[in-house]
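Student: I have a structure here, written as structure tokens, and I will follow up with some questions on it.
The values are calculated or read from the model by the stated rules, or taken from the named source; none is laboratory data. All values reported here derive from a predicted model rather than from experimental measurement. Ideal geometry is used to build each Cβ from the backbone, glycine not excepted, and the neighbour counts take in all protein chains shown.
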Ligand SMILES: [Mg+2]
């Protein structure tokens with residue numbers, strides 16, 4: 001949800017970091033440039049758009065026609081659009097098949113799905129084998145029961161039945177919002193059980209394994225496109241909205257956030273390079289239009305010609 005508290009890092013409890021938002025002035029490095037300042041030459045080299053979903057594409061929990069239309073226009077403009085989300089496998093199955101996207105990374109990197117329209121074939125790639133997921137499921141069920149017993153107001157997320165590899169505890173989507181101390185308690189219980197724990201703007205996700213969004217995106221690029229993501233960083237732009245997108249902001253030099261990131265900038269060690277003027281879905285539309293406008297600029301062509309002559 002827009003304006004929701006969003007994250008804790010490994011080192012700082014969520015409650016402590018939320019207090020620091022109002023207490024500390026933003027550090028100098030936490031000052032992304034306006035997206036309008038994104039150099040046309042940089043924009044012209046982009047081939048892939050990786051995007052978060054909640055509060056980046058969506059606005060108040062809904063996907064607007066304008067944001068969906070912006071994805072369609074990006075694809076028509078030649079970009080490969082890939083949502084990267086904490087949402088469940090069940091959602092990703094629908095997104096891969098129904099949305100105009102090239103692939104989708106889901107459950108914080110536990111999987112990617114890709115539907116090949118020409119071959120009418122769905123690729124479902126999981127970090128864990130089916131047996132490993134089955135064993136993890138039993139452990140996650142026990143962990144979920146322990147958390148519900150220990151943290152008043154916590155609920156299993158409504159999308160849990162459609163998850164394959166993680167446990168999602170709802171603290172402010174349909175439940176709560178729970179106070180930051182409760183969120184810390186959920187994280188602590190997950191970690192005490194040996195799980196990885198991540199906080200999004202709505203859920204605390206826990207899983208038994210060492211994947212994350214970036215790690216599975218590397219696999220996707222290698223296996224589907226035959227590309228080394230480390231070498232391809234400058235052909236990729238990532239757009240997100242909250243501190244749990246920080247690893248992606250840190251990895252991609254061309255990283256963008258929608259404007260609802262602003263309250264959380266003081267929390268980020270790796271802030272986005274650019275920020276849109278608009279929030280949530282409106283910010284995504286602004287991002288897409290700016291990216292596409294480059295293709296129509298004569299100056300862009302001129303700059304590319306100059307670059308070719310100089311190299
Ligand atoms: Mg988000």
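Student: Given the condition within 16 Å of the ligand (Cβ to nearest atom) and more than 27 Å from residue 124 (Cβ to Cβ), answer yes or no: does some residue in segment 168-176 qualify?
Tutor: Yes, there is a match, as at least one residue in segment 168-176 is within 16 Å of the ligand (Cβ to nearest atom) and more than 27 Å from residue 124 (Cβ to Cβ).
Student: While we're here: From (1) away from the ligand (no atom under 16 Å from the Cβ); (2) assigned to a loop (DSSP other than H, G, I, E, B), pick out the condition that doesn't hold for residue 187.
Tutor: Unmet for residue 187, out of (1) away from the ligand (no atom under 16 Å from the Cβ); (2) assigned to a loop (DSSP other than H, G, I, E, B): (2).
Each row is one residue, and each column tells you yes or no for (1) on the phi < 0 side of the Ramachandran plot; (2) touching a residue at least 40 places away in the same chain (Cβ under 8 Å).
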position	(1), (2)
77	yes, yes
87	yes, yes
90	yes, yes
98	yes, no
109	no, yes
123	yes, yes
129	yes, no
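Student: Condition (residue is modelled with pLDDT of 95 or more, more than 29 Å from residue 116 (Cβ to Cβ) and part of a strand (DSSP E or B)) applied to segment 206-224: is it met by at least one residue?
Tutor: Checked against the condition, which is being modelled with pLDDT of 95 or more, more than 29 Å from residue 116 (Cβ to Cβ) and part of a strand (DSSP E or B), segment 206-224 yields at least one hit.
Student: Does residue 55 satisfy being on the phi > 0 side of the Ramachandran plot and assigned to a loop (DSSP other than H, G, I, E, B)?
Tutor: In short, yes.
Student: Being surrounded by fewer than 16 Cβ atoms within 10 Å (Cβ to Cβ), assigned by TED's automatic domain parsing to the domain that holds residue 81 and more than 16 Å from the ligand (Cβ to nearest atom) narrows it down to one residue among 150, 192, 222, 158; which is it?
Tutor: Exactly one residue qualifies, and that residue is 222.
Student: List pairs: first residue in segment 52-74 and under 23 Å from residue 272 (Cα atoms) and within 11 Å of the ligand (Cβ to nearest atom), second residue at pLDDT 95 or above and part of a strand (DSSP E or B) anywhere in the structure, Cβ distance under 7 angstrom, at least six positions apart or on different chains.
Tutor: Listed by first residue and then by second, the contacts come to 52/84; 52/239; 52/240; 53/83; 56/239; 56/240; 57/51; 57/63.
Student: Still on this model: Could you list all residues from segment 228-251 that are more than 16 Å from the ligand (Cβ to nearest atom) and in contact with a helix residue (DSSP H, G or I) (Cβ under 6 Å, 6 or more places away or on another chain)?
Tutor: Result: 229, 251.
Student: If you go through segment 195-211, how many residues are touching a helix residue (DSSP H, G or I) at 6+ places or on another chain (Cβ under 7 Å) and surrounded by fewer than 18 Cβ atoms within 10 Å (Cβ to Cβ)?
Tutor: Adding up the residues that qualify gives 0.
Student: Continuing with the same structure: Just one of the numbered conditions (1) at pLDDT 85 or above; (2) out of contact with any strand residue (DSSP E or B) (no Cβ under 7 Å at 6 or more places or on another chain); (3) surrounded by fewer than 17 Cβ atoms within 10 Å (Cβ to Cβ); (4) over 19 Å from residue 104 (Cβ atoms) is not true of residue 69; which one?
Tutor: (4)
Student: Any idea which residue in segment 167-189 is surrounded by the fewest Cβ atoms within 10 Å (Cβ to Cβ), counting only those that are without any contact (Cβ under 8 Å) to a residue 40 or more places away in the chain and in contact with a strand residue (DSSP E or B) (Cβ under 8 Å, 6 or more places away or on another chain)?
Tutor: Selected residue: 174.
Student: If we scan segment 165-183, do we find a residue that is outside the structural domain of residue 48 (by TED's automatic domain parsing), in contact with a helix residue (DSSP H, G or I) (Cβ under 7 Å, 6 or more places away or on another chain), in a loop (DSSP other than H, G, I, E, B) and closer than 27 Å to residue 81 by Cβ?
Tutor: Yes; the residues of segment 165-183 include at least one that is outside the structural domain of residue 48 (by TED's automatic domain parsing), in contact with a helix residue (DSSP H, G or I) (Cβ under 7 Å, 6 or more places away or on another chain), in a loop (DSSP other than H, G, I, E, B) and closer than 27 Å to residue 81 by Cβ.
Student: Now for a separate question. Considering only residues that are touching a helix residue (DSSP H, G or I) at 6+ places or on another chain (Cβ under 7 Å), outside any loop (DSSP other than H, G, I, E, B) and within 16 Å of the ligand (Cβ to nearest atom), which ones fall in segment 258-278?
Tutor: Result: 259, 260, 263, 264, 267, 275.
Student: With respect to residue 78, is the statement that it is in a loop (DSSP other than H, G, I, E, B), in the same structural domain as residue 285 (by TED's automatic domain parsing), over 19 Å from the mean Cα position of the chain (by Cα) and farther than 15 Å from residue 209 by Cβ true?
Tutor: Yes: the conditions hold for residue 78.
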